[in-house]
């Protein structure tokens, strides 16, 4: 295999607006949305406002990242911005934690895929060994696709994103066509104060928004990244928020809240009420496509984050080697190996517990990147000319930081502890590669 050190001038610009949009939307719309109707059902109509709060916060993050990408249209996304603004150590922390976020996301989504596949082949989910074998086969197929060609990976991402949106649109149309307003839950069936309820559900739904920033990572393959990526980020957030809100209302109009609370497959339950077993099969197939697209986007991001850090001498030089097809093959292989280890370690917990842990770990690690990016923007703004635009940017960065801090606080002490331990594990690596 012929190899060389990657350079932005060597690689063809193969990702335009729609492929960038498909990366962001495809990464964010994964397994999470298919369980959210069940998780939000106990919180009534007010619980659905969590979509608006999380969507608004994610839009703040997207606008903050849009400003940063115009300053630094480099490979690495959040890592690149933090490295430029806050230096090597902060850059390494975000490269390390964000890479872990992608690795954990790939592991969790592979577990979710196997769970959905069990609807068609129950023997898989009844056997932990079979579940592990299928999950490993899936992740190595996806990493092999990314190693082979960026072109093939990006084409697959566009197709899978369109296919994953179709069943959600189908559920929206069918739900409103067969709606029964009496099924809608009461405003606030809990004893929680509305503010406390909103804080709870916002953290709960954040997993369904994490991933929009992935469109900023392969900037070296973007057509005019400083113009394309900001458009992609804002369009992706608005697309995701609209779909999430409509599909949540559609399912609530079809399935009574007391049934949603105990369902392990709310989309399939709603589809069964409308179309019977055929509808359930169609929605389950849509969930499989949805997880595939999200899996591919996270795998692509994992390899490119490691590549970007290696170019800045924050990871071993071998991560900066690309194949003749222009992909960071070594970074993809190492990422795949780490995903495999995580799957081995966590499959003893069972599907649901393993998925929950991976999802929370990935979400928290990504939120840390959001918070550090907002702080990096403060650094750049110090040298900007005073004026209304600068004041607006300062306010935006403060709002994005506070939102990330709020969501991290809502994650709970256990997952924060595990994230801190992972940061400590990375410290010897930083000491070894630091020049």
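Any read-out appearing in this document is the output of simple, stated calculations on the displayed coordinates, not a laboratory observation. What you see is a predicted model; the values in this text were computed from it and never measured. Virtual Cβ from ideal backbone geometry, glycine too; neighbours counted across all protein chains shown.
Values computed for the structure shown
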{"quantity": "Once the Cα gyration tensor of segment 205-290 is diagonalised, semi-axes √(5λ) in Å", "calculated": "34, 14, 11"}
{"quantity": "MRE, 222 nm, helices only [DSSP H, n ≥ 4, -39500 (n - 2.57), over the chain, to nearest 500]", "calculated": "-25000 deg cm²/dmol"}
{"quantity": "Square roots of 5 times each gyration tensor eigenvalue, C-alpha, the chain, largest first, Å", "calculated": "34, 26, 20"}
{"quantity": "Nearest-ten-degree value, helix 17-28 long axis tilted from longest Cα axis of the chain", "calculated": "60"}
{"quantity": "Peptides 206-212, 35-41, 423-429, 272-278 ordered by average Cβ neighbours within 10 Å, highest first", "calculated": "206-212, 35-41, 272-278, 423-429"}
{"quantity": "Peptide ranges 251-261, 68-78, 392-402 listed from the most packed, as the mean C-beta count within 10 angstrom indicates", "calculated": "68-78, 251-261, 392-402"}
{"quantity": "Relative contact order, percent, the chain [alpha-carbon distance under 8 Å, six or more residues apart]", "calculated": "34"}
{"quantity": "Convex hull volume per residue for segment 37-171, taking Cα atoms only, in Å³", "calculated": "185"}
{"quantity": "Radius ratio Rg over Rh of segment 44-105, counting only Cα atoms, Kirkwood formula for Rh", "calculated": "1.12"}
{"quantity": "Rule-of-thumb Rg ratio for segment 155-229 [Cα; 2.2 N^0.38 Å; N residues]", "calculated": "1.67"}
{"quantity": "P(r) histogram, all alpha-carbon pairs of segment 253-336 included - 10 Å bins from 0, percent", "calculated": "17, 28, 16, 15, 18, 6"}
